[in-house]
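Before any comments, here is the structure.
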Amino acid sequence: MSKRPLAPLAALVLVASGLFTTSAASATAESTATAAKPPVKIGFMIASKMNNRCLEVRAGNTGIGALVNMWDCQGTPQERWYWDGRTIRSDVSNRCLDVVAGNAENGAALNMWDCYGGPPQQWEWYGDKLRNPNYNRCLTIANGNWWVGASVIMWDCNQGTNQSWYTT
């Protein structure tokens, strides 16, 4: 009889210690997960001098191959970019602005791709133009399309305002 009354108390102690151990382990896991997250980037917007619209990752798509286009500037992550060496990375996905399939010809489309720093992902300022130095072509709003959703392509660098950009 002397052992039986202590059994519920012993069970209660075991349950309580399990709760504290689980809570401590959970807190440690949460702080480790928080520490492992990359820092949030707050980049600049790339806006066109032709229409003051911004280069954006279409619909905030974070996947490989996401297209880019022009949209009203709102400051959202899909419109923010940052330099990483000679590459331009997106805040929304951390992927690089890339010439699709390494196409060096006029009219080549642009998309987002995992960064590796190859020729399709290298950019430089050329006056107020963003130029790929390997292809000697500039970031261009296709056909000078002024409207929201306009495509962005590569084209021979010229004096058109559809190739003139500024950062905000």
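Look at where the Cα atoms of the stretch 115-168 and of the stretch 49-83 average out, and the two centres are 13 Å apart. Taking θ as phi - 60° and the Karplus parameters 6.51, -1.76 and 1.60, the scalar couplings of the stretch 62-71 work out to 9, x, 5, x, 4, 7, 10, 8, 9, 8 Hz in sequence order, x denoting glycine and proline.
Each value in this text was obtained by applying a stated rule to the coordinates, not by laboratory testing. Not measured: the values here are computed from a predicted model.
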